[in-house]
Structure formats: structure tokens, C-alpha cells
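Below is one structure; the comments refer to it alone.
The values are calculated or read from the model by the stated rules, or taken from the named source; none is laboratory data. These figures come from a predicted structure and were not determined experimentally. With ideal geometry, Cβ positions are generated from the backbone for all residues, glycine too; neighbour counts draw on all protein chains shown. To get the accessible areas, we keep the full protein, side chains included, count just its heavy atoms, and leave off ligands, DNA and RNA. Shrake-Rupley method; radii C 1.70, N 1.55, O 1.52, S 1.80 Å.
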Amino acid sequence: MWFFTRSLCSLSNHWPLRGRWILTGSKSCRYYKKETLPSPEGPIPPVSVTEIRQYLRAQGIPFHDGYSCLHVPSIFVEEQQQVRHSYSLFIDKTTGRFVCTASLAEGNWQDFQASVELRHKGMAVGGLEEASGQRDQDGKDAMHIWERALPLWELLDEQETQEAKAMFGISNISNATLKRFGVRYLRTARALVFPWFSPRGTSLKGLKLLGVEHQGEMVHYVENTLPRPAAYHNLFGLPLISRRDTEVVLTGRELDTLVLHQVTGLPTLALPRGISCLPPALLPYLEQFKRITLWLGEDLRSWEAAKLFARKLNPKRCSLVRPSDQQLQPLEAFTQGMNLTKILRSALPAGHKSIISFRQLREEVFGELANVEQVAGVKWARFPELNKLLKGHRNGELTVFTGPTGSGKTTFISEYALDLCTQGVNTLWGSFEINNVRLAKIMLTQFAMGRLEEQLEKYDEWADKFEDLPLYFMTFHGHQNIKTVIDTMLHAVYMYDISHVIIDNLQFMMGQEQLNVDRLAVQDYIVGAFRKFATENSCHVTVVIHPRKEDEERELQTASIFGSAKASQEADNVLILQDRKLVTGPGKRYLQVSKNRFDGDVGVFPLEFSKASLTFSTPIKGKAKLKKVKDDNGAPAKKPPASAGGASKKQRSQSPSSTTPGPGTSPDEPIKPGGRGGGV
């Protein structure tokens, strides 16, 4: 790892490489740059598929429905080429963006309309691919690295070739396969180089470098891409696809693509960001396939990603390889002598009927029983006591969070969400109470674990790392219509594969417009809409709700949440930030889990606020105690099963209340990039 990183750093002096993905065993943590969010002017869902169809009919443009796109004859190729490139322009049904696979022109719906108008006026329509100085520079940088890399089979020393293959676990991958996919080896970085060629294979658009480190039986992969990951839309293996191919296998890694193609001979492609995201820009290149098999990984997180991607691709044509001990990732399965063809044949259809029997659920139930820790969800790194109660952060749930005015609800929930985001949970923030600049400042301070006002020279360094996180913000502030908010959330799930949405807070989003109507009924409707969204989109929604006006001397309860009982009934989890600072002195706050639908464990644990880093995860002096409490019905909270991360009573009473800083790290020390919370 050290040699690989040092070598890449020396390369980056000339050719900046961005993005990193570390894979540890079956678990992965991926960080990448994101696209610029849509500007606040203009609606986020720019056009509906009905409006697209109406416009095409009005303009006399023939089209037919695809799986995720409308297919139309390209207006960017000459008429004499129309027969050869018939219906080569694809319009995304959800966003209206288009791409012409013949001319590589692309743009948004407004660009397409403008091009049609120019065509009607008899004017030539050129390509709409944006000219970008950075893109040209990235192409030059990629070419410099590509020219320095050598084909593995052309290394002077045969022993070096075998050692390089063994290092990546591809000793059984033939030179013919490596040559077919154009894989090279960069000696200075000891990394494999995977090229990104244009769909027609005529030009090099970018590349990915893959380094590896072995630690016993664990393997760590480190990825770097050019251009930055958000702009790296390489379906590895695409130039090898024939127009006659109707079936394809999608994998999460290039190494898996190599082994699957060699063993099965099937068309195989690797997604550029693995299980993190399936960019809609890639969908047009997958339209020709009538059957798509997704084999993304060997854990439940990969399984959830496969189901999410299948919804984009149209579930009717998708099959999923279910992770299990007998169905590992392709490379590992091949290494252990498993039959890859047999595993592919056992792939399950993604589509399902409204009514099913236990027979269809049987394997999925077994998977949850056999993978208790993975089913529990993503663990918090900064709040280990929260893991003991909630067990983890799970998709498809609704969490309601409340606390007294001025207790630090926004500050806590921002760190709570930041913790998950640094672990690869794609996050969308809807801050209706404070503006995004102020929120981003709070989160950046928490990310750096210290105030940057005193070290402005480090701002760019930390800002670059913060920008790598899969974090997005809604541009709303104050009152917003619930339909507009839900549409925005749906758009974010489609575009960026968002799996965690934070709404802060419900009262500010509702505004004062409902004064003349039943506000409780309106709030119940909004809570129901968020509940439905979470379930249907397998996305976790966290809603901050102010409590009722109650006696400040009394602790808040689940019934203290403003509104009717709808919010607490619909919620899977209810968190309460208790603040006793006015009674017992400053800083006496603790987090109470008063509802936990996953396994019923409820309890409280203390928090200590650090003003220097704006964090609640600062270690509390002495031994903090996690206290199990009775639920709202007065029944004692049950003990969690040992397999779900439970601890004995003695262990619980002596557990620290939060994460322990890494060596040499504390909020009072100078900020050091890469320290706790950096996530990079």
C-alpha cells in the first residue's frame, strides 16, 4: 500500500489522479467526487416522459419505447448514414437527457429541443459534447500514463509477469484475455491499468489504476481514476460488445469481468463505481440487451445495490446473482473452483408479482438469518453506543429525531449523517431551517475535527477531501410543497443512488401556509408520504421534528413529538436528544432511543459536546454508561442476541460512549488531514 500510494503521488505531480476505493475482504468503502448538482433555477425533474412523447409526435419524429430510454433517429448524423445508425439517439425517460451513440453528442432536454429547431430551419446540427479544457487535459494525462504502462505479457522477465498476476489473483487469466481487454501494467506504481476507450474504441478517454495489498487472507484494492470518478463513466469492456449481443453480465470490478468473459464467453461489463452508483448516463449503452445479469458482490450491501440498479434497468429483463457462501464474487468463486456458468444460471429474476409464496422468499430469509451483522446495516464509527441499541443504519426505514429547542439537533444529526456518509452511504440533505452554506460549514468542521477559521491555509486540503464524499444538498429553504420535495428525492435516488435522506425539519418545511387548515392532518399526510417513499425506494429517511411545548423540567418522551401519534407510529426508530443543561449544568446531554422496530432494544447514553469541533462524539472522561431502559409500555427492554453485537450488562456499563480518536488526534491539537473523521 505504501509503495503504491507513494508511486501514485509521484505520478500525480504530473498527472493528477482522483478517487480511491479500498476493498477489505468482502467489505468495501468507496470515496468519489460527485457531479455538480442542478442549479436552483429551473425544476429538477426537467420533463416528464409524457411531455417528451408529445413533443416528438408534434415534431413528426418517430420513436419507440426502450427499457429506460426512448429510441429516436439521430438528428446528429447525415441522412445517408441514417440507415446504418437508425434509432441511435436515446432519450432518458426520467431526466430527458439524451446521448447519440453514433456521434457521441449528448445534452439535456432543452439542448435536444434547440437542435430540433435548428434542423427545421435547415441549419446544420453539430455535436453537443461540451468542450472542456479539463477534459482535454485529463485525456492527455491518461495517454501519458497509458504509454508508460506495458502489456503484462510483454514484460522482459517472465517471473515478473507471474508475480504481477499472482499479486492480483489473476494467475489463471490468460494473456489472450488481458490483450482482448487491453489491460496493462504500470511498474512504477505496481498497478494494473484498465483503459476507458470511446464506445467505438477509437480514442482513449481515461483510465483506472488498480493497486493491491495483501494482509494475511485479506486483500485491499486501491483504485484511482482519470478523470475524477464522477466523470469516469467507463463501462469496461464496452468496445468489445457487438450490436448483435442481446445478453450481458454486469459486475462491480474489472477483475471479475475478465474472469467471467474468459470462463463463460458471455459479453461482460464492469460498472465504473462498483456498487456505489449506476450513473444514468450509462443506460443508453445497455438498451440493446434483452437480458442483464447483475453479479456485483458477495455481501448483502451488494445485493441491495443490485436490486436498486435493476429498477433503473427495468426489472423485467434483469436477473440477480444472490450472494452466499457458494456464490462469491466471480474472481473468488473461480479461484475456489466453483462453476461460474452454473452460478449464472441460478440467477433470480428481479421482477416479482404482487403476491408471492414463501418459496420465493425462502432463500432471502435464509440470507438474513445467516448474515445477522450485515442485515443490521452500516455501523456508526463515531457512535458505537448507538450500534449497541439500533445495531446499524438500514435502508427502507424511517427515523424520527426530536429534541428541545437549542439543544443542538441540527449539529448532532449532521454528524450522525456525516459518519454514515464517510462510509459510502450516499446522502441527500434537505435543510429547510438553516441555509446550505451554514450547514456545510458545520459538517466541514465536524469532518476536519477542528475549526478551520484558525487554519485557513488548510481549507482547500480539507475541502477537497470533503468534496469527495457522496453528499448532496437540496436547494430548498423554508416552506415547500411535499410533492416538490418528494419529486426531488425521487430524482436524487435515480441520479445519484441516494440511500439516506435527512429532512431538517418538518415544521419549517410545512411553513405557515397551513394555518387555516388542520395542521395535524397535513403533518400526518407528510409523514405518511415519507414513510411510503422510504419503503418503495429502499431509502432511509431521517426526519427532524420539533417537540411539543412542555415543561422544561421534564424529560421528553415519544409522546412529546409535535403532532398526532402518526409520526411515532410510522417511524421505525425514534431518537430523542435529551438536554438537561439548564437543570444540572452545561453539557449534560444524552441520546435516547425510545423506539427500535428492528429488534426492540431501547436505552440512553451520554453525549459531550465539543465546541472546538462541533461534535458530540468526543470521548467523555471516565466511564460512560449505556443504560437499557423500559419501553413506552413499561416492559423491560430485551437483551440483544449475541450474534447481533450485544454485550453483557457488565460490558455495557463499562463501554465508552463514543469512538476513541486515532493516535495523536484530539480536537485541541492541530488539524491533520487523514485523521479521525477524514474518511479518505
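Laid out as a table, the results:
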item: Residue that is nearest to the chain's Cα centre (by Cα) [pool: residues in the range 157-178 that are outside any loop (DSSP other than H, G, I, E, B) and loosely packed, with under 14 Cβ neighbours inside 10 Å]; result: ALA166
item: The range 277-309 - residue that is open to solvent by 10 Å² or more (accessible area, probe 1.4 Å) and farther than 19 Å from PRO349 by Cα and, of those, nearest to the chain's Cα centre (by Cα); result: PRO280
item: Helices (runs of 4 or more DSSP H) within the range 351-462 that include 3 or more residues under 29 Å from THR475 (Cα atoms); result: 409-421, 436-448
item: Meets criteria (open to solvent by less than 10 Å² (accessible area, probe 1.4 Å) and closer than 18 Å to LEU348 by Cα) for GLY274; result: no
item: Test: THR188 is free of Cβ contacts under 8 Å to residues at least 60 places away in the same chain, open to solvent by 10 Å² or more (accessible area, probe 1.4 Å) and of a type in the set (S, T, N, Q); result: no
item: Close pairs from the range 141-157: first charged (D, E, K, R), partner open to solvent by 90 Å² or more (accessible area, probe 1.4 Å), Cβ under 8 Å, at least 6 apart; result: ASP141/HIS14
item: When residues of the range 591-609 are limited to those that are hydrophobic (A, V, I, L, M, F, W, C) and more than 14 Å from SER407 (Cβ to Cβ), the one surrounded by the fewest Cβ atoms within 10 Å (Cβ to Cβ); result: PHE598
item: Within the range 408-440, tally of residues that are open to solvent by 10 Å² or more (accessible area, probe 1.4 Å) and either more than 30 Å from GLY274 (Cα to Cα) or of a type in the set (S, T, N, Q) (or both); result: 12
item: Options LEU89, LEU56, LEU118, LEU104: the member that is touching a strand residue (DSSP E or B) at 6+ places or on another chain (Cβ under 6 Å) and at pLDDT 80 or above; result: LEU89
item: Test: residue in the range 528-540 that is more than 23 Å from LEU308 (Cα to Cα) and open to solvent by 20 Å² or more (accessible area, probe 1.4 Å); result: no
item: Subset tally (residues that are among the aromatic types (Phe, Trp, Tyr) and modelled with pLDDT of 90 or more) for the range 351-409; result: 3
item: Total residues in the range 230-246, condition open to solvent by 10 Å² or more (accessible area, probe 1.4 Å), among the aliphatic types (A, V, I, L, M) and at pLDDT 90 or above; result: 3
item: Contacts under 7 angstrom Cβ, first residue in the range 86-104 being farther than 11 Å from TYR285 by Cα and hydrophobic (A, V, I, L, M, F, W, C), partner open to solvent by 40 Å² or more (accessible area, probe 1.4 Å) and part of a strand (DSSP E or B), 6 or more apart; result: PHE98/GLU106
item: From LEU260, LEU204, LEU226, residue being open to solvent by 10 Å² or more (accessible area, probe 1.4 Å), in contact with a Pro (Cβ under 9 Å, 6 or more places away or on another chain), in contact (Cβ under 8 Å) with a residue 24 or more places away in the chain and aliphatic (A, V, I, L, M); result: LEU204
item: Looking only at the range 519-577, and only at residues there that are outside any helix (DSSP H, G or I) and among the small types (Gly, Ala, Ser), the one that is modelled with the lowest pLDDT; result: SER564
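Conditions tested, residue by residue: (1) in a strand (DSSP E or B); (2) aliphatic (A, V, I, L, M); (3) in contact with a strand residue (DSSP E or B) (Cβ under 9 Å, 6 or more places away or on another chain); (4) under 20 Å from LEU418 (Cα atoms).
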{"residue": "LYS465", "(1), (2), (3), (4)": "no, no, yes, yes"}
{"residue": "GLY478", "(1), (2), (3), (4)": "no, no, no, no"}
{"residue": "LYS483", "(1), (2), (3), (4)": "no, no, no, no"}
{"residue": "ASP487", "(1), (2), (3), (4)": "no, no, no, no"}
{"residue": "ILE498", "(1), (2), (3), (4)": "no, yes, yes, yes"}
{"residue": "MET509", "(1), (2), (3), (4)": "no, yes, yes, no"}
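Each row is one residue, and each column tells you yes or no for (1) out of contact with any helix residue (DSSP H, G or I) (no Cβ under 6 Å at 6 or more places or on another chain); (2) of a type in the set (S, T, N, Q); (3) more than 26 Å from ARG311 (Cα to Cα).
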| position | (1), (2), (3) |
| --- | --- |
| LYS342 | yes, no, no |
| ALA347 | yes, no, no |
| GLU364 | yes, no, no |
| LEU386 | yes, no, yes |
| VAL400 | no, no, yes |
| SER407 | yes, yes, yes |
| PHE412 | yes, no, yes |
